[in-house]
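Worksheet: one structure, shown below.
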Amino acid sequence: MKEYDYLIVGAGLYGCVFAYEARKNGKKCLIIDKRDHSGGNVYCENVDGINVHKYGAHIFHTNDKDIWDFVNQFVEFNRYTNSPLARYKDELYNLPFNMNTFYKLWKTATPQEAMDKIDEQVKALNITDPKNLEEQALSLVGTDIYEKLIKGYTEKQWGRKATELPAFIIKRLPVRFTYDNNYFKDKYQGIPVGGYNKLIDGLTEGIDIQLNVDFFEERSKWTAKAETVVFTGKLDEYFDCSHGRLDYRSLRFEHEKLDIENFQGNAVVNYTEADVPYTRIIEHKHFEFGTQASTIITREYPEEGGADKEPYYPVNDEKNTARYNEYKKLATLEKNVIFGGRLAEYRYYDMHQVIGSALATTKKIFAVC
Ligand code: FAD
Ligand code: UDP
């Protein structure tokens, strides 16, 4: 009989949701994380009363009422609606691409006028079967929007030409013919009142957590502690990178405190031209309608990933997908290990999808108990 039923590697959302459900089902869990805090990438640091999203802007959104009810058990959500702006040189546009964006670009006042303008540009390109992000974007919104609002941002963000990127990345962004600046299509949206740490604290109440611990430094010691391991770190590292490294895009966050009340009047401003080295500036207080005397902003600089960099975005291109499939085969042969989350599943998951994935797994395991 081992000390724990589950050793959970990674105190991110996947690990914490898994631990919560396991505990609810009478199981004993230990969570370890190599960082000095729990929460993974949703972690916030409170500075002068402002919750600073340490790993980039996190806006919770979902269409799934069960997931919404699940998170609302732990924390209340505010009415924040993400409406980012895109700055291209001295011009400001509304995102996602909607009637406000089209009006600013072309002075098209009705949906039909905007559709005609896009159609005219798309027809001239003659793309029948979009094979990459560039072709997909051009055939959705035409040349003007692609050149001003997509190409520069995308190529900075991913460090690759838009012609070398998978089309699905751009399909995340809605295109609408209404005057609606809500970035997401989902029914439920908001920011936890008091920050994401409240959600994480609620999920992990009564669960043992050890921080500053890298699983790989004493792998057999940690594995021996539990009947089953739940691994939410990088899948390639679990298998000693035997099929080569999976690529990630990384980010560098530059935080700055300013002694002014309001820097940009909005939580998120994207910088879409290629020459500005960062992709966006976040002003954290606006996520919670803060009225503090000072403000904190974060510039987000994309970087190439690597062994010593934080892995933020999986690069789901052909090479990496093939490599991931090799690791997935190894993972299915591994006994008493569950792989889950953005890193172990190598998927561009949003928070609600990670929660959904953890709940689906725990439902399968504990339904038969
Ligand atoms: P993570 O949060 O990455 O947690 C994994 C944990 O495992 C980490 O804490 C890590 O330290 C730990 N770990 C890894 N290896 C080891 C090891 N060897 N030993 C010990 N510990 C280890 N989603 C949204 O829904 N809305 C948004 O607006 C949004 N914005 C985002 C912005 C950015 C910049 C990024 C990068 C992501 C964003 N997301 C957003 C996605 C969201 O962050 C993820 O879906 C979610 O946090 C993933 O949870 P996870 O548990 O899978 O992974
Ligand atoms: N994107 C863009 N211009 C923008 C915002 C996004 O071209 O102003 C593209 C870019 O390729 C990005 C993708 O749309 O990777 C998805 O954007 P999203 O905001 O969902 O990215 P995330 O928040 O996950 O970084």
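I'd like the full set of residues that are touching a residue at least 40 places away in the same chain (Cβ under 8 Å), basic (K, R) and away from ligand 2 (no atom under 16 Å from the Cβ), limited to segment 174-230.
Of everything in segment 174-230, those that are touching a residue at least 40 places away in the same chain (Cβ under 8 Å), basic (K, R) and away from ligand 2 (no atom under 16 Å from the Cβ) turn out to be K187, K198, K225.
For segment 342-353, state whether one or more residues are touching a Lys or Arg at 6+ places or on another chain (Cβ under 6 Å) and within 10 Å of ligand 1 (Cβ to nearest atom).
Quick first cut of segment 342-353, residues touching a Lys or Arg at 6+ places or on another chain (Cβ under 6 Å) only: 343, 349.
Pick out the ones that are also within 10 Å of ligand 1 (Cβ to nearest atom) and you get 343, 349.
Yes, segment 342-353 has at least one match.
Return yes when G306 is more than 21 Å from S38 (Cα to Cα), within 24 Å of the chain's Cα centre (by Cα), more than 14 Å from ligand 1 (Cβ to nearest atom) and among the small types (G, A, S) and no when it is not.
Numbers: more than 21 Å from S38 (Cα to Cα): yes; within 24 Å of the chain's Cα centre (by Cα): yes; more than 14 Å from ligand 1 (Cβ to nearest atom): yes; among the small types (G, A, S): yes.
Taking the combined requirement at face value, the residue satisfies it.
Go through segment 67-101 residue by residue and tally those that are touching a residue at least 60 places away in the same chain (Cβ under 8 Å) and either farther than 21 Å from Y146 by Cβ or assigned to a helix (DSSP H, G or I) (or both).
The number of residues fulfilling the criteria is 17.
Yes/no matrix, rows are residues, columns are (1) at pLDDT 95 or above; (2) part of a helix (DSSP H, G or I); (3) within 30 Å of F231 (Cα to Cα); (4) more than 16 Å from ligand 1 (Cβ to nearest atom):
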residue: T128; (1), (2), (3), (4): no, no, no, yes
residue: E134; (1), (2), (3), (4): yes, yes, no, yes
residue: L140; (1), (2), (3), (4): no, yes, no, yes
residue: D144; (1), (2), (3), (4): yes, yes, no, yes
residue: I169; (1), (2), (3), (4): no, yes, yes, no
residue: N182; (1), (2), (3), (4): yes, no, no, no
residue: L199; (1), (2), (3), (4): yes, yes, yes, no
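Assess whether I32 counts as being crowded, with 24+ Cβ neighbours inside 10 Å, of a type in the set (A, V, I, L, M) and under 19 Å from N336 (Cα atoms).
Working: crowded, with 24+ Cβ neighbours inside 10 Å: no; of a type in the set (A, V, I, L, M): yes; under 19 Å from N336 (Cα atoms): yes.
Answer is no for this residue.
Could you check how many residues of segment 258-296 are in a strand (DSSP E or B), within 16 Å of ligand 2 (Cβ to nearest atom) and touching a Leu at 6+ places or on another chain (Cβ under 6 Å)?
Of the residues in segment 258-296, 1 are in a strand (DSSP E or B), within 16 Å of ligand 2 (Cβ to nearest atom) and touching a Leu at 6+ places or on another chain (Cβ under 6 Å).
Would you check which residues across segment 281-321 are among the hydrophobic types (A, V, I, L, M, F, W, C) and farther than 24 Å from I170 by Cβ and list them?
As a first pass, look at segment 281-321 and keep what is among the hydrophobic types (A, V, I, L, M, F, W, C): 281-282, 287, 289, 293, 296-297, 307, 315.
Passing the criteria: F287, F289, A293, I296, I297, A307.
The values are calculated or read from the model by the stated rules, or taken from the named source; none is laboratory data. These numbers come from a predicted model, not from an experiment. So basically every Cβ, Gly included, is an ideal-geometry build from the backbone, and we count neighbours across all protein chains shown.
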